[in-house]
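Here is the structure we will look at, set down as structure tokens.
Just so you know, all these numbers are worked out from the coordinates, no wet-lab data involved. This one's a predicted model, so the numbers in the text were calculated from it and none came from an experiment. Because the Cβ atoms are built from the backbone with ideal geometry, glycine has one as well, and the counts that use them run over all protein chains shown.
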Amino acid sequence: MNFITLTTDFGYKDFSIAITKANLYNNIKDVIIVDISHQISPFNNTEAAYILKNSYKSFPEGTIHIIGVESELTPENSHLVMHFDNHFFIGANNGIFSLITESLKPDKIVEINIHNNIVSTFPVIDVFVKVAKHIASNGNLDVIGKKTKEIKQLTEIKPVINQKKDQILGSVIYIDNYGNVVTNITKKIFNEIGKSRPFTIEARRVKFKKIYSSYSQAIDFSIKRKKREEDGKKLALFNSAGHLELAIYKSNPETVGSANSLFGLDYRDPINIFFESIWER
């Protein structure tokens, strides 16, 4: 049985998803296709990498992950297959691969070179499906491309630590379905720099001085429901992916609003954490 996942910015209005799946079913036997997301913001490589990086490990080893975000072949963006962590990733060399691997080294990267026989306006179908078929048939990667070590690096989204190590300069990398704001500041970095010091998180006009371990921890359930602060309460926590998230309890972007709208935060907006200096303690 072959597992193939799809992560794209196609959306659901057009027929792109349907014909991609049809081509996979027509070309690969005994295949299970899983939609990770088709609602990646158009051409947002950071968002695609965040979604895929935090989901691929849930699939069996050997799973093939097709990435349909900024996938057109250009002189700047070649097409790659990456074998990493016993998974296969097919997509354009647009920075997504570097965000998935971070500092870890892929087992193998191949620059796809089967384009000479293909005239393509839809590389996900015309190229990536063919590559997936080859991998699913236990084909050698060297047959469909040449080995390379070069993958485009996206470093501007990584948080910056100041020289005094009392400040983390981060940014928003993702807005989830509830309008919660996900940052590029991880729990690991926070603990390494913070060293249990008091802190203030500043995000435009809002500040946080506490990080909760869950959404409901922000609510005092000992107070009767009619009197306690609940819906609309702002909070910060580390989400299931280990990233700092700014949220509003039981938010709804369509009705009461969300962290995204009420805090005025959007993709790449700055999020700063200031730690108490050692000599101030």
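Top mean-square fluctuation among GLY139, GLY62, GLY179, Gaussian network model of the chain, C-alpha springs under 10 Å?
Among GLY139, GLY62, GLY179, the largest mean-square fluctuation in the Gaussian network model of the chain belongs to GLY139.
Within the stretch 143-244, which chymotrypsin sites (Phe, Trp or Tyr not before Pro) sit in a loop by DSSP and count at most 11 neighbouring Cβ atoms inside 10 Å?
Here the sparse-neighbourhood loop sites are PHE221.
Note down the relative contact order for the chain as a percent, whole number, built from C-alpha pairs under 8 angstrom at least six residues apart.
Once normalised by length, the contact order is 15 percent.
Arrange the peptides 142-151, 64-73 so that the one whose residues have, on average, the most other Cβ atoms within 10 Å appears first.
Per-residue mean Cβ counts within 10 Å order the peptides as 64-73, 142-151.
Once the Cβ-Cβ distance between ILE223 and VAL143 is put in as r, and R0 is 51 Å, what FRET efficiency do you end up with, to the nearest 0.05?
Here the calculated transfer efficiency is 0.20.
How large is the Kirkwood hydrodynamic radius of the stretch 2-147, in angstrom, based on all distinct alpha carbon pairs?
Hydrodynamic radius (Kirkwood, Cα pairs) of the stretch 2-147 is 15.0 Å.
From the helices alone, meaning DSSP H stretches of at least four residues, give me the mean residue ellipticity at 222 nm for the chain, per-run term -39500 (n - 2.57), in deg cm²/dmol to the nearest 500.
It lands at -4500 deg cm²/dmol.
In percent, how large is the relative contact order of the stretch 2-147, given Cα pairs closer than 8 Å and 6 or more residues apart?
24
Which entries in LYS29/LYS146; LYS187/LYS210; LYS158/LYS233; LYS226/LYS250 show an alpha-carbon gap greater than 19 Å?
LYS29/LYS146; LYS158/LYS233
Among the lysines, which have Cα under 27 Å from the Cα of LYS13 when same-chain residues fewer than 8 positions away are ignored?
LYS21, LYS53, LYS130, LYS133
How big, in percent, is the set of alpha carbon pairs in the stretch 130-281 lying more than 23 Å apart?
In whole percent, the share of Cα-Cα pairs in the stretch 130-281 beyond 23 Å is 49.
Taking neighbour Cβ counts within 10 Å as the exposure measure, how do ARG197, ARG225 sort from fewest upward?
ARG225, ARG197
What per residue convex hull volume, in Å³, do the alpha-carbon atoms of the chain yield?
Per residue, the Cα convex hull of the chain comes to 162 Å³.
What nm distance separates the two modelled labels at GLU72 and ARG205, each placed 7 Å from Cα along Cα→Cβ?
3.9
If I take every Cα pair under 8 Å that is 6 or more residues apart in the stretch 80-209, average their sequence separation and divide by the length, what percent do I get for the relative contact order?
Result for the stretch 80-209 is 18 percent.
Send over the per residue convex hull volume for the stretch 157-242, Cα only, as a whole number of Å³.
123
Bins of 5 Å, beginning at zero and ending with the bin holding the largest distance: percent of Cα pairs per bin for the stretch 2-55, please.
Cα pair-distance distribution for the stretch 2-55, in percent: 4, 19, 27, 21, 18, 9, 1.
Any chance you could list the semi-axes, whole Å, largest first, of the equivalent ellipsoid that the Cα gyration tensor gives for the stretch 228-277, using √(5λ)?
The equivalent ellipsoid of the stretch 228-277 has semi-axes of 21, 14, 12 Å.
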